[in-house]
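Report on one structure; see the data block that follows.
The values are calculated or read from the model by the stated rules, or taken from the named source; none is laboratory data. Because the structure is predicted, anything quoted here is derived from the model rather than measured. As a convention, Cβ positions derive from the backbone with ideal geometry for all residues, glycine included, and neighbour counts pool all protein chains shown.
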Amino acid sequence: MTEATKREGDAPAIGGSAGPDRPPVPPSGLPGRLEEVGQGRPGPAWRPCIRWKEMLLLLPTPALLALGLAHLALLDHGQVRGEDLRPALAAGVLLLGSSLLLSLLGFRGEQTFLPLGALLVSVGLLFLTRLEPDLPAGYGPVGQRQWQWAALGLGVYLLTLLLTRRWVWRGRVISWDLLLKRYRYIVLFVGLALVLVTMYFGVEVNGARLWLRLGPLQFQPSEVFKVALVVFLAAYLEDKRDLVAFRGFRWGRLPLPPIPYLLPLLLTLGLSVAVLAFQRDLGAAMLTFGIFLSLLYVASSRPAYLLAGGAAFVGAVFGLYRLSERVEALAHVRTRIAIWLSPWTHEAAYQVVQGLYALAAGGLLGRGLGQGTLYLIPAGHTDLIFAAIGEEWGLLGTTAILLLYALLVARGLSASLRARDGFLQLLGVGLALALAVQVLVIVAGNLALIPLTGITLPLISYGGSSLLTNGFILGLLSRISATRGPWDR
């Protein structure tokens, strides 16, 4: 079977074992005792390193915040006071202090993740601060709360880097990645269980139960499930990569996919999408499908999976639409598709139409920060924040934001491909692609290219769950970028 997978002309897949162009990889067999995980020598002695590139790239973030807040202050009360710029100063201190802390800890990972993430978060902070007076009173101080969530997201980023170090205990090296790989089914079960619990005990908003309440706080379990799914798929596909990519299964002359090894993945996908669809979380369902399909292709390098997945997606959408005519729990699917097909005539399409009007009004350069009519856009701080940005910053502003996302995803993919083993490569690629798919889904929904879904624009839209989850994702990507040798710390 091994020889069959190495036919001439086959594209190399990510996640393979060490070869002549790769450094030797530590044994990937999972031990029977926790303290034996990741046995080996701990690596080079600790020494600090100044992260000059990161510090320089962080400077535009407080500068953008200061300029934006000063502009909003002039529009609001005609002058710029010291207290107006205090949040920008605090952001600069926190960001540069975080970079200095990583320098003192001797962290040698990618130096662009934190600056790119911080710049995107700063865009969201500016627009949520600007939107806060225009939102109905029931929404509360969304701008102020987003500043708090952003600080917590930075803390999650740093905590992730700290906890994913290789810890030595009783002479053994405990490796976080092997723990995730070993307990991948538990990780997936916990993520899916949280989504199921939300269906029955979650907080209902606009007819959908998407949030769980923990005291005064609410969080969206689908954000946790997104990461859990990537962990499971990366671990499973790394173990079964050769079998999933194998082209020797046939029924007579008809080539067949390796069904016995794809079946667990297909069952996981079907169950996840079904649960999310019945939960009325179409955005998370589309994101789940996109993550599954992209990781399967990356691990196998078989274009047939993309073609089959695309056909299955079209068939699933058509099937859900037909089923929604008979099942009341899926009525929202029919409504979303009907709005997408006829946004100008459907009675429930006001939100989508206002978003399109806002994008059109922005033109090339936009109306200017604080000059738009964002109070006319329903959910302008969540689902349609891209349209809100388009009205005030125009095509150039939205293009710049998409370029920042593209840079973040590209750096994530590049860093992941240099990781020391197949699981870390697939994990990093999966996390980077999850960000890319989420951006594509919500931006395409704002442009009415696909039905509008309720997922957030990563790092920009209002939401604590999203900011904390993306802080965790960037932390994992940063840690993966530092795992370039077999005995790294």
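In the stretch 210-232, the residues that are within 18 Å of T456 (Cα to Cα) reach residues that are surrounded by 20 or more Cβ atoms within 10 Å (Cβ to Cβ) and of a type in the set (D, E, K, R) with C-beta atoms within less than 6 angstrom, at least six apart or across chains, in these pairs: L210/D281; S222/D281.
Checking S481, S461 one by one, the residue that is in contact (Cβ under 8 Å) with a residue 40 or more places away in the chain, under 23 Å from G283 (Cβ atoms) and buried (at least 21 other Cβ atoms within 10 Å of the Cβ) is S461 and no other. Each residue in the stretch 314-336 was checked for being under 15 Å from F289 (Cβ atoms) and out of contact with any Ser or Thr (no Cβ under 6 Å at 6 or more places or on another chain), and 7 pass.
Just name the residue that is farthest from L395 (Cα to Cα) out of those in the stretch 317-373 that are assigned to a loop (DSSP other than H, G, I, E, B) and charged (D, E, K, R). Explain how you work it out, then say what you get.
Applying the first criterion (assigned to a loop (DSSP other than H, G, I, E, B)) to the stretch 317-373 yields 325-327, 342-349, 363-373.
From the residues that got through so far, the ones that are charged (D, E, K, R) too are 325-326, 347, 367.
Values: E325: 39, R326: 42, E347: 29, R367: 11 Å.
Looking at the filtered set, the residue picked out is R326.
Looking at V231, is it touching a Leu at 6+ places or on another chain (Cβ under 6 Å) and either part of a helix (DSSP H, G or I) or modelled with pLDDT under 70 (or both)? Break it down into steps so the answer makes sense when it comes.
Details: touching a Leu at 6+ places or on another chain (Cβ under 6 Å): yes; either part of a helix (DSSP H, G or I) or modelled with pLDDT under 70 (or both): yes.
It is true that V231 is touching a Leu at 6+ places or on another chain (Cβ under 6 Å) and either part of a helix (DSSP H, G or I) or modelled with pLDDT under 70 (or both).
When you check L408 against the structure, is it in contact (Cβ under 8 Å) with a residue 60 or more places away in the chain, of a type in the set (A, V, I, L, M) and within 30 Å of G140 (Cβ to Cβ), yes or no? Spell out the reasoning first.
Numbers: in contact (Cβ under 8 Å) with a residue 60 or more places away in the chain: yes; of a type in the set (A, V, I, L, M): yes; within 30 Å of G140 (Cβ to Cβ): yes.
Judged against the criteria, L408 is a match.
Would you confirm, using the coordinates I've provided, whether L267 is farther than 15 Å from Q220 by Cβ and assigned to a helix (DSSP H, G or I)? In short, yes.
Screening R170 with (1) closer than 18 Å to I473 by Cα; (2) touching a residue at least 60 places away in the same chain (Cβ under 8 Å); (3) surrounded by fewer than 18 Cβ atoms within 10 Å (Cβ to Cβ) gives one miss only, at (1). Of the residues Q79, Q111, Q144, the single one that is under 25 Å from the mean Cα position of the chain (by Cα), of a type outside the set (V, I, T) and modelled with pLDDT under 90 is Q144.
Within the stretch 194-246, being surrounded by fewer than 16 Cβ atoms within 10 Å (Cβ to Cβ) and either within 20 Å of the chain's Cα centre (by Cα) or charged (D, E, K, R) (or both) holds for E204, R213.
What number of residues within the stretch 421-436 satisfy the criterion of being of a type in the set (G, A, S), under 8 Å from the mean Cα position of the chain (by Cα) and closer than 14 Å to F289 by Cα? Working first, answer last.
At the first step, the residues of the stretch 421-436 found to be of a type in the set (G, A, S) are 422, 428, 430, 432, 434, 436.
Those left that are additionally under 8 Å from the mean Cα position of the chain (by Cα): 432, 434, 436.
With closer than 14 Å to F289 by Cα added as a condition, the list becomes 434, 436.
Matching residues across the stretch 421-436 total 2.
Residue-by-condition table, conditions (1) in contact with a strand residue (DSSP E or B) (Cβ under 9 Å, 6 or more places away or on another chain); (2) over 29 Å from L295 (Cα atoms); (3) not hydrophobic (A, V, I, L, M, F, W, C):
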{"position": "G191", "(1), (2), (3)": "no, no, yes"}
{"position": "V197", "(1), (2), (3)": "yes, no, no"}
{"position": "G215", "(1), (2), (3)": "no, yes, yes"}
{"position": "P221", "(1), (2), (3)": "yes, no, yes"}
{"position": "L237", "(1), (2), (3)": "no, no, no"}
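Could you say whether any residue in the stretch 352-359 is closer than 24 Å to L237 by Cα, among the small types (G, A, S) and modelled with pLDDT of 85 or more? The answer is no; no qualifying residue exists. Does L476 fit the bill of being buried (at least 19 other Cβ atoms within 10 Å of the Cβ) and either of a type in the set (D, E, K, R) or within 11 Å of the chain's Cα centre (by Cα) (or both)? For L476, the condition - buried (at least 19 other Cβ atoms within 10 Å of the Cβ) and either of a type in the set (D, E, K, R) or within 11 Å of the chain's Cα centre (by Cα) (or both) - is not met. From the list I455, I450, the one residue that fits, being surrounded by fewer than 22 Cβ atoms within 10 Å (Cβ to Cβ), among the β-branched types (V, I, T) and not in a helix (DSSP H, G or I), is I450.
Of all residues in the stretch 400-416, at least one satisfies being more than 18 Å from the chain's Cα centre (by Cα) and assigned to a helix (DSSP H, G or I).
None of L72, L85, L135, L128 is crowded, with 21+ Cβ neighbours inside 10 Å and at pLDDT below 95 except L128.
Select, from S122, S175, S103, the only residue that is in contact (Cβ under 8 Å) with a residue 12 or more places away in the chain, within 23 Å of the chain's Cα centre (by Cα) and farther than 15 Å from L474 by Cα. If you could, list the steps in order and put the result at the bottom.
Values: S175 fails: within 23 Å of the chain's Cα centre (by Cα); S103 fails: within 23 Å of the chain's Cα centre (by Cα).
Being in contact (Cβ under 8 Å) with a residue 12 or more places away in the chain, within 23 Å of the chain's Cα centre (by Cα) and farther than 15 Å from L474 by Cα holds for just one of S122, S175, S103, which is S122.
Pairs are defined by a Cβ separation below 8 Å, a sequence spacing of at least 6 or placement on different chains, a first member in the stretch 278-303 that is under 23 Å from G422 (Cα atoms), and a second member that is aromatic (F, W, Y); the pairs so defined are T288/F225; F289/F313; L293/Y305; L293/F313; L296/Y305; Y297/Y305; P303/Y297.
Of the residues making up the stretch 307-325, those that are closer than 30 Å to S414 by Cα and exposed (fewer than 14 other Cβ atoms within 10 Å of the Cβ) are L307, G310, A311.
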